[in-house]
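First the structure, in the form of structure tokens, and then the observations on it.
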Amino acid sequence: MRPFLFTFTIGFLLLSTFVAISYFFFDIRALTCRGAGYKANTFMAYCNHPAYGDYEHGAYYFDLENVNAHLKKADVLFLGNSRIQFALSTNVTADYFNKNNLSYYLLGFGYDEGDEFVKMLQDKYHWQPKVLIINTDPFFTKTSDVTKAISNHTITEKDYRLKKTFQTIHRLISPVSPQSKGAFYRSSQNGQWVWEESLKFPQSPFPIDAKKAAEIPFKSEAISQLFDLVQKFKVKKQCVILTSVTNNQVNSISFTKRLAQVSKIRFFIPNIQGLKTVDGSHLDYKSAQKWSDVFLNGIQNMLKSCI
């Protein structure tokens with residue numbers, strides 16, 4: 001019985017320590033973040049509670065989840081904001097790359113993120129993908145407040161490490177704690193978001209209506225920003241692909257085509273009828289499966305020519 005009591009005591013003390021740390025540094029209500037996305041290789045990228053908020057930016061910038069090791073191996077990198085993350089975080093994407101024996105990584109970010117944060121990451125880690133795929137809406141015209149805060153050291157590595165510590169206790173408690181705050185999770189291995197069980201949207205999805213989306217005006221500075229990004233990654237120009245994910249908020253199809261024309265960079269935009277979104281901005285899972293299937297098969301020859 002003594003070994004059992006010793007193990008129990010140590011376990012209890014460790015658990016109590018984690019609880020104390022989480023309680024001291026976080027509003028205890030952050031424990032109500034939905035925990036359905038925890039798996040062996042996932043972390044809570046975001047929770048809709050002010051005590052937690054964003055974690056994925058810090059996880060990547062400070063490499064808190066061993067993501068750099070996987071990014072170094074990626075043949076194909078997908079860049080963009082949350083729309084590309086929803087569109088490609090499907091089993092269709094994983095199956096496609098497994099079938100073709102290729103490595104990939106979804107490197108889009110929330111908060112309507114733009115190209116500046118990815119450039120910061122590349123300056124720090126120097127990844128060497130063979131193909132860059134960029135969702136343009138509006139990737140070259142925005143910089144998120146989170147990126148600005150990291151650049152200005154308003155948010156520090158310590159802040160993100162505390163969130164990582166918080167996840168340790170949250171992972172244990174979430175199966176039995178009240179859960180009311182939406183959250184999404186992320187695979188450290190391929191960057192896919194895990195959200196179906198932890199984000200709650202209206203049961204009836206929003207059909208896509210192109211007339212509702214605001215046209216993104218073309219800005220000439222997008223050309224220099226695109227070339228700067230391509231240069232940082234040292235990817236051949238013919239191995240960069242531009243795209244646009246359909247939604248009800250912004251229409252970047254004309255913008256993407258114009259940017260491709262002026263830069264002489266290839267593009268592919270799936271034309272699929274009957275797609276739906278969870279919130280007017282992001283594809284629901286069934287629509288994402290359709291979109292990723294058409295998109296990946298549509299660029300297959302481009303990928304083969306580069307890898």
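Taking the stretch 264-307 as the search range and keeping residues that are β-branched (Val, Ile, Thr) and surrounded by fewer than 17 Cβ atoms within 10 Å (Cβ to Cβ), which one is nearest to the chain's Cα centre (by Cα)?
Going through the qualifying residues, I end up with Val294.
Taken over the stretch 129-164, the residue count meeting the criterion of being in contact (Cβ under 8 Å) with a residue 12 or more places away in the chain, of a type in the set (S, T, N, Q) and loosely packed, with under 15 Cβ neighbours inside 10 Å is 1. Would you be able to say whether some residue in the stretch 204-219 is assigned to a loop (DSSP other than H, G, I, E, B), in contact (Cβ under 8 Å) with a residue 60 or more places away in the chain and under 24 Å from Thr143 (Cβ atoms)? Yes, there is a match, as at least one residue in the stretch 204-219 is assigned to a loop (DSSP other than H, G, I, E, B), in contact (Cβ under 8 Å) with a residue 60 or more places away in the chain and under 24 Å from Thr143 (Cβ atoms).
Using the structure shown, decide if Ser198 is over 30 Å from Val131 (Cβ atoms) and crowded, with 21+ Cβ neighbours inside 10 Å. For Ser198, the condition - over 30 Å from Val131 (Cβ atoms) and crowded, with 21+ Cβ neighbours inside 10 Å - is met.
Only residues that are over 30 Å from Gly182 (Cα atoms) and in contact with a strand residue (DSSP E or B) (Cβ under 9 Å, 6 or more places away or on another chain) were counted across the stretch 104-132, and they come to 5.
Collect the residues in the stretch 235-265 that are of a type in the set (A, V, I, L, M, F, W, C), part of a helix (DSSP H, G or I), in contact (Cβ under 8 Å) with a residue 24 or more places away in the chain and under 13 Å from Thr136 (Cβ atoms), keeping them in residue-number order. Correct list: Phe255, Leu259, Val262.
Looking at this structure, is Arg29 loosely packed, with under 15 Cβ neighbours inside 10 Å, closer than 30 Å to Ser82 by Cβ and modelled with pLDDT of 60 or more? Considered against the rule, which asks whether it is loosely packed, with under 15 Cβ neighbours inside 10 Å, closer than 30 Å to Ser82 by Cβ and modelled with pLDDT of 60 or more, Arg29 comes out as yes. Would you confirm whether or not the stretch 222-231 contains a residue that is over 21 Å from Asp112 (Cβ atoms), among the aromatic types (Phe, Trp, Tyr), at pLDDT 95 or above and assigned to a loop (DSSP other than H, G, I, E, B)? Checking the stretch 222-231: not a single residue is over 21 Å from Asp112 (Cβ atoms), among the aromatic types (Phe, Trp, Tyr), at pLDDT 95 or above and assigned to a loop (DSSP other than H, G, I, E, B).
Can you tell me how many residues in the stretch 269-307 are out of contact with any Lys or Arg (no Cβ under 7 Å at 6 or more places or on another chain) and part of a helix (DSSP H, G or I)? Number of matching residues: 18.
The values are calculated or read from the model by the stated rules, or taken from the named source; none is laboratory data. Small disclaimer: the values here were computed from a predicted structure and weren't measured. We place every Cβ from the backbone using ideal geometry, glycine too, and count neighbours over all the protein chains shown.
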